[in-house]
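Just so it is clear, none of the values below were taken in a lab; they were calculated from the coordinates. Just so you know, these numbers come straight off a predicted model, no measurement behind them. All Cβ positions, glycine included, derive from the backbone under ideal geometry; neighbour counts span all protein chains shown.
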Amino acid sequence: MALLDLEAVHSGYGRVEVLHGLSLSVPAGATVAVLGPNGVGKTTLLRVISGTLPAWSGTVRFDGRPINRLSPYQRARQGITLIPEGRGIFPGLSVQENLGIATHAAVGADAEWRARRLDDVLKTFPRLAERSLQRAGTLSGGEQQMLALCRAFLANPRLLLLDEISMGLAPIIVEELFANVARLKSEGLTIVLVEQYFTYALELADICYVVSKGQVVFAGEPAELRDSDVLTGSYFGAG
């Protein structure tokens, strides 16, 4: 059963249309990779799903119900969490304060669950525990991204949207981040992943969508994508 469906969605910025009737489906419990070169609409897609950018036309359904008219806050309360490109933390607050905000955002969780989950996160990311009183904006890029990823552990989402979490980070940090994304996947979380590291994306994904010029040009399993000519074709050329 699909947790998320987009049907013939058009959207963009100002008068510039970026998504041209895009449709895709995300089954509950699946990890879906959205791939394609820069500038084809991948980030726009995640913004439409999270509600930070409106769909001009078409339908976005979550758990079988249209959510086009819901605000980003209302979608978050339904369990949609976006980790945007560029970290998505509160730089002026401490690590501890960032984690506290994320913990209290967990819908339907009691105090015992929140305390247990926070303890689990600090054991998983010991560097954050060591820097609990440090301002988040002074952390390294990798540490900031770890802090952003902690939102996914603490907010108890039903759908996690990840936008280029590896951008600008050292390979060893990227490997650590994706190990924790794999952990979330193993817990049954539904994930939509926009990622530049195809190797990690294809290892994690159950379904791959390739986007070109605001439309889906390929949909299938990672093995099908590897066997196709899409990865080496013009869709992944410059631009």
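Evaluate the Debye formula for segment 88-156 with equal point scatterers sitting on the alpha carbons, no solvent, and hand back log10 of I(q)/I(0) at q = 0.20 Å⁻¹, in q order, two decimals. Taking Cα atoms of segment 88-156 as identical point scatterers yields -0.71.
Rg and Dmax of the chain, both derived from C-alpha coordinates alone, stand at 17.5, 52 Å.
In straight-distance terms, cross-link reach from LYS213 covers every one of the lysines whose alpha-carbon lies under 26 Å from its own, apart from those fewer than eight places away in the same chain; here that gives LYS42. Relative intensity of segment 110-239 on a log10 scale, I(q)/I(0) at q = 0.12, 0.15, 0.18, 0.22 Å⁻¹, equals -0.55, -0.80, -1.05, -1.39, per a Debye sum over C-alpha point scatterers of equal strength in the absence of solvent. Phi angles of segment 198-209 translate, via the Karplus equation with coefficients 6.51, -1.76, 1.60 and θ = phi - 60°, into HN-Hα couplings of 4, 4, 5, 4, 6, 5, 8, 6, 8, 9, 10, 10 Hz per residue; Gly and Pro are given as x.
How far, in nm, would the chain grow between VAL107 and ARG135 when pulled straight, counting 0.36 nm per residue and subtracting the alpha carbon separation?
On the way: separation 28, 0.36 × 28 = 10.08 nm, distance 2.61 nm.
Going from the current span to full extension adds 7.5 nm.
Comparing GLY188, GLY14, GLY214 in a Gaussian network model of the chain (Cα springs below 10 Å), the most mobile by mean-square fluctuation is GLY14. Here r is the Cβ-Cβ distance between ALA170 and ARG116 and R0 is 41 Å; the resulting FRET efficiency, rounded to 0.05, is 0.85. What net charge do the residues around VAL181 carry, taking every other residue with its C-beta under 12 Å from that of VAL181, with Lys and Arg at +1 and Asp and Glu at -1? Overall, the nearby charge balance is -3. In a GNM of the chain with a 10 Å cut-off on Cα contacts, which of GLU85, GLU187, GLU176 has the highest mean-square fluctuation? Maximum among the listed residues: GLU187.
Give, rounded to the nearest 20 debye, the magnitude of the charge dipole that segment 88-156 has about its Cα centre when Lys and Arg contribute +1 at Cβ and Asp and Glu contribute -1 at Cβ. Mind dumping the intermediate values first?
Numbers: 8 positive and 7 negative charges, 23 e Å.
With only Lys, Arg, Asp and Glu charged at Cβ, the dipole is about 120 debye.
Go through segment 1-105 and name the trypsin sites (Lys or Arg not before Pro) that are in a DSSP coil and have 11 or fewer other Cβ atoms within 10 Å of their Cβ. Listed in order of number, the matching sites are ARG15, ARG69.
With θ taken as phi - 60° and the Karplus curve 6.51 cos²θ - 1.76 cosθ + 1.60 applied, the whole-hertz 3J(HN,Hα) list for segment 107-117 is 7, x, 9, 8, 4, 5, 4, 4, 5, 5, 5 Hz, x standing for glycine and proline.
Remark on VAL18: its backbone amide H falls under 5 Å from those of SER11, GLY12, TYR13, a criterion applied only to residues 5 or more positions apart or on other chains, H modelled at 1.01 Å from N. Relative to the Cα centre, the charge distribution of the chain, modelled as +1 at Lys and Arg Cβ and -1 at Asp and Glu Cβ, gives a dipole magnitude of about 800 debye.
Quick one: of the DSSP bridges fully inside the chain, what percent are antiparallel, nearest 5?
Values: 22 of 39 bridges.
If I count the DSSP bridges inside the chain, around 55 percent turn out antiparallel.
So which chymotrypsin sites (Phe, Trp or Tyr not before Pro) in segment 141-239 pass both tests, a DSSP loop state and at most 10 other Cβ atoms within 10 Å of the Cβ? All intermediate terms of the calculation are to be shown ahead of the outcome.
Details: sites: PHE153, PHE178, TYR197, PHE198, TYR200, TYR209, PHE218, TYR235, PHE236; in loops: TYR197.
Here no chymotrypsin sites (Phe, Trp or Tyr not before Pro) fit, given the DSSP loop and packing criteria.
Rounded to the nearest 500, what is the 222 nm mean residue ellipticity of the chain from helices alone, with -39500 (n - 2.57) per DSSP H run of 4+ residues and division by all residues? Walk me through the numbers on the way to the answer.
On the way: 9 runs with 87 residues, N = 239.
Computed mean residue ellipticity for the chain: -10500 deg cm²/dmol.
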